[in-house]
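Worksheet: the structure to be examined is printed underneath.
The values are calculated or read from the model by the stated rules, or taken from the named source; none is laboratory data. Fair warning: this is a prediction, and the values are worked out from it, not measured in the lab. Note that we place each Cβ from the backbone using ideal geometry, even for glycine, and neighbour counts take in every protein chain shown.
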Amino acid sequence: MVDLVGRVDDKLRRAFAAASLPVEGVRSVPATRPEFGDFQCNAAMALGKAAKRNPRDLAAAVAETLRRDPDFASVEVAGPGFLNLRLADAVVAGLAREQAASPTLGIAQRDSAPVLLDFGGSNVAKPLHVGHLRSLVIGESLSRLFQAQGIAVVTDVHFGDWGLQMGMLIAAIRRAHPGRAPGTVGAGIAIDEMERLYPEAAAACKADPERMAEARALTAALQAGDADARADWGALRDTSLADQKRDFDLVGARFDLFLGESDTQATVERIVPDLLARGIAERDEGAVVIAVAEPSDTRPVPPMMLEKSDGAATYATTDLATIADRAASPATARCGRYVYVVDERQSLHFTQVFRAARKAGLAPADGLVHVGFGTVNGVDGKPYKTREGGVARLRDLIGDAVAKARERVDASDPAVDAEALARQVGLAAVKWADLSTGRLGGYVFNLERMVSFEGNTGPYVQYACVRIGAIAARAVAAGARASEISLGHPAERALAMACLRLPAAVEAAAAGYAPNEIADFAFAVAQSFSRFYTECPVLAAGDAERAARLALCDLAFAVLSRALWMLGIAVPQRM
Ligand code: ARG
């Protein structure tokens with residue numbers, strides 16, 4: 001097992017057990033300073049407090065066991081009862097060689113059922129905007145993270161293509177083209193017209209009860225299967241989805257399924273009476289609801305609305321029906337867990353839907369998870385807007401980042417496709433800014449900072465990776481070959497230690513649906529590489545040393561490019 005952190009934690013737990021101490025919560029953290037060693041363990045402090053014993057005594061007892069283990073070069077008790085551990089160099093080198101030889105780079109392969117990822121969540125006729133960025137970027141990263149663990153994924157965009165918004169839109173296009181017969185209007189509507197008409201229609205319906213009644217009637221007709229309404233709707237849906245697919249491609253979000261709310265209609269019609277008959281849903285003042293409050297709730301969780309008093313299904317109804325459909329569809333039936341990457345502001349909605357699904361016996365075996373995220377803010381701390389004060393379109397946002405990147409990248413080499421390079425770097429900048437912070441907090445969209453080649457940025461880490469690749473390429477050109485990793489210089493050892501944290505980073509990222517764990521890891525490797533690069537000549541070193549350092553460079557390149565892949569970030573050929 002190449003899992004360095006797992007191995008150390010295992011040894012720690014055994015040593016605590018040998019000293020007759022509880023092992024719960026016993027784990028290592030990276031040493032805060034290199035002179036303290038590689039790892040630190042603070043568990044004796046908490047245990048001492050609980051047992052009213054001197055933590056230093058407890059730590060000393062544990063240290064005694066650990067010192068007998070030849071894997072450790074030193075074990076020290078420091079301060080009020082910290083344990084400082086340093087691994088033997090030979091152990092680090094051996095693990096690094098093992099990692100280099102492992103096709104998964106030591107990442108533990110999980111034998112879990114496929115995971116369904118529901119992300120993107122865009123709506124017909126509404127252009128993708130900055131709010132969709134996080135779902136696409138985090139969703140794609142989680143998809144890759146699971147794949148890196150050997151877990152199959154099925155991704156579904158869950159298109160918002162049903163409900164009142166569609167009635168509003170169909171009514172609006174028919175009004176705009178009174179000469180065309182219903183059923184033939186939708187096919188003539190280009191994306192620009194659709195995107196212009198929809199907000200107008202929504203505003204008109206809000207202001208004018210007659211327009212609203214018209215939209216409702218059309219929605220009802222559509223849901224009842226009216227052929228003309230279906231035809232116009234289908235054309236609008238197709239045009240909008242085709243346009244949005246360009247954005248998905250642009251940001252590199254890959255979907256297996258383009259199902260939507262509309263696909264649930266038949267199931268909605270079936271489950272409402274079924275849930276009523278089974279006593280899971282109940283009638284409440286003309287509506288049909290599912291009570292989902294639990295005694296331990298700290299904030300009120302109102303009943304889930306399954307059918308409004310006018311007979312209409314809700315957003316929650318379609319989500320519940322989607323869960324039923326996923327279990328029944330061959331494409332998704334094997335999925336054990338459904339993970340929804342959606343704005344944290346929808347957390348109450350998902351609490352209701354998930355509880356209703358469990359009550360109805362529809363939840364998949366490994367559960368339902370809402371992976372929420374915070375808002376993208378402008379430098380003023382408020383939700384990000386364009387200079388004109390409008391909602392920022394995703395396409396423009398990426399365009400701006402690519403333009404900024406184009407100013408920075410070196411296009412002097414005619415063999416470099418500057419446009420492609422700028423796109424890779426611009427996207428890396430945006431994705432890194434998004435994925436390197438905890439997903440629940442918001443972050444500030446500051447292009448200037450994101451595109452910088454210095455500091456904790458995507459381009460910085462990309463650049464580190466490119467530099468390692470360049471060393472390897474020059475070595476190949478000079479006929480130099482890599483041998484086996486051996487660690488003499490402290491900067492070599494530090495780089496190997498950084499690489500060896502990959503499996504733990506993947507575990508932590510997967511457990512917390514937290515791509516920032518991967519970003520933290522990649523940044524640490526990039527920094528360790530920078531130090532190695534300044535302190536350890538590679539190509540200019542003597543034969544044996546050069547060969548060993550090339551092997552270490554190969555490992556660093558493999559590890560870093562795998563981490564960037566998990567973040568959906570490309571590694572350019574040159575930068
Ligand atoms: N279309 C929804 C919205 O714009 C998001 C859908 C998210 N996914 C889901 N299964 N509810 O708010």
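If you filter region 321-364 down to residues that are out of contact with any helix residue (DSSP H, G or I) (no Cβ under 7 Å at 6 or more places or on another chain) and among the hydroxyl-bearing types (Ser, Thr, Tyr), you find that the one that is nearest to residue 264 (Cα to Cα) is 329.
Only residues that are in contact with a helix residue (DSSP H, G or I) (Cβ under 7 Å, 6 or more places away or on another chain) and either farther than 29 Å from residue 486 by Cβ or not in a loop (DSSP other than H, G, I, E, B) (or both): list them for region 563-575, please.
Filtering region 563-575 for residues in contact with a helix residue (DSSP H, G or I) (Cβ under 7 Å, 6 or more places away or on another chain) gives 563-572, 574-575.
Across region 563-575, the qualifying residues are 563, 564, 565, 566, 567, 568, 569, 570, 572, 574, 575.
Can you tell me which residues in region 108-141 are within 11 Å of the ligand (Cβ to nearest atom), under 15 Å from the mean Cα position of the chain (by Cα) and among the basic types (Lys, Arg)? Scanning region 108-141 gives no hits. Considering 178, 127, the condition of being of a type outside the set (D, E, K, R) and without any contact (Cβ under 8 Å) to a residue 12 or more places away in the chain is satisfied by 178 alone. Selection within region 394-414: residues that are assigned to a loop (DSSP other than H, G, I, E, B) and touching a residue at least 60 places away in the same chain (Cβ under 8 Å). The member of this set that is surrounded by the most Cβ atoms within 10 Å (Cβ to Cβ) is 409.
The lone criterion from (1) surrounded by fewer than 20 Cβ atoms within 10 Å (Cβ to Cβ); (2) farther than 30 Å from residue 396 by Cβ left unmet by residue 148 is number (1). When every residue of region 297-305 is checked against the conditions, none turns out to be away from the ligand (no atom under 16 Å from the Cβ), more than 30 Å from residue 394 (Cα to Cα), in contact (Cβ under 8 Å) with a residue 60 or more places away in the chain and surrounded by fewer than 22 Cβ atoms within 10 Å (Cβ to Cβ). The criterion of at least 2 residues that are more than 26 Å from residue 486 (Cβ to Cβ) is met, among helices (runs of 4 or more DSSP H) falling completely within region 4-108, by 4-18, 43-51, 55-67. When residue 549 is tested against the conditions (1) buried (at least 24 other Cβ atoms within 10 Å of the Cβ); (2) within 30 Å of residue 420 (Cα to Cα), the lone failure is (2). The numbered conditions (1) closer than 30 Å to residue 187 by Cα; (2) more than 16 Å from the ligand (Cβ to nearest atom) are all true for residue 288 except (1).
Checked against the criterion of being surrounded by fewer than 19 Cβ atoms within 10 Å (Cβ to Cβ), within 26 Å of residue 344 (Cα to Cα) and without any contact (Cβ under 8 Å) to a residue 40 or more places away in the chain, the candidates 540, 511 yield just one match: 511.
For region 306-331, taking the residues that are crowded, with 21+ Cβ neighbours inside 10 Å, outside any helix (DSSP H, G or I) and not small (Gly, Ala, Ser), the one that is nearest to the ligand (Cβ to nearest atom) is identified as 306.
Here the condition is being buried (at least 20 other Cβ atoms within 10 Å of the Cβ), outside any helix (DSSP H, G or I) and of a type outside the set (Phe, Trp, Tyr); of 485, 518, it holds for 485 alone.
Cβ-Cβ distances below 7 Å connect the following pairs, each with a first residue in region 222-242 that is in contact (Cβ under 8 Å) with a residue 40 or more places away in the chain, a second residue that is aromatic (Phe, Trp, Tyr) and in a helix (DSSP H, G or I), and a separation of six or more residues or different chains: 222/233. When residues in region 368-391 are screened for being surrounded by 10 or more Cβ atoms within 10 Å (Cβ to Cβ), in a loop (DSSP other than H, G, I, E, B), more than 22 Å from the chain's Cα centre (by Cα) and touching a residue at least 24 places away in the same chain (Cβ under 8 Å), 1 of them pass.
Within region 245-256, does at least one residue satisfy the condition of being under 30 Å from residue 180 (Cα atoms) and at pLDDT 95 or above? Among the residues of region 245-256, at least one is under 30 Å from residue 180 (Cα atoms) and at pLDDT 95 or above, which makes the answer yes.
Of all the criteria given as (1) away from the ligand (no atom under 13 Å from the Cβ); (2) more than 17 Å from residue 119 (Cβ to Cβ), the one not satisfied by residue 375 is (2). Count of region 146-161 residues, restricted to those that are away from the ligand (no atom under 12 Å from the Cβ) and part of a loop (DSSP other than H, G, I, E, B), is 4.
Taken over region 336-358, the criterion of being out of contact with any Gly (no Cβ under 6 Å at 6 or more places or on another chain), within 12 Å of the ligand (Cβ to nearest atom) and of a type in the set (Ser, Thr, Tyr) is satisfied by 338, 340. You will find that of 181, 172, 190, the residue that is crowded, with 23+ Cβ neighbours inside 10 Å, more than 14 Å from the ligand (Cβ to nearest atom) and more than 18 Å from residue 342 (Cβ to Cβ) is 172 and no other. Applying the set (1) among the small types (Gly, Ala, Ser); (2) more than 21 Å from residue 139 (Cα to Cα); (3) within 15 Å of the ligand (Cβ to nearest atom) to residue 363 leaves exactly one unmet item: (2). Would you say residue 356 is touching a strand residue (DSSP E or B) at 6+ places or on another chain (Cβ under 6 Å) and at pLDDT 95 or above? When the stated conditions are applied, residue 356 passes them. Within the option set 492, 454, 507, being modelled with pLDDT of 95 or more and more than 19 Å from residue 565 (Cα to Cα) holds for one residue only, 492.
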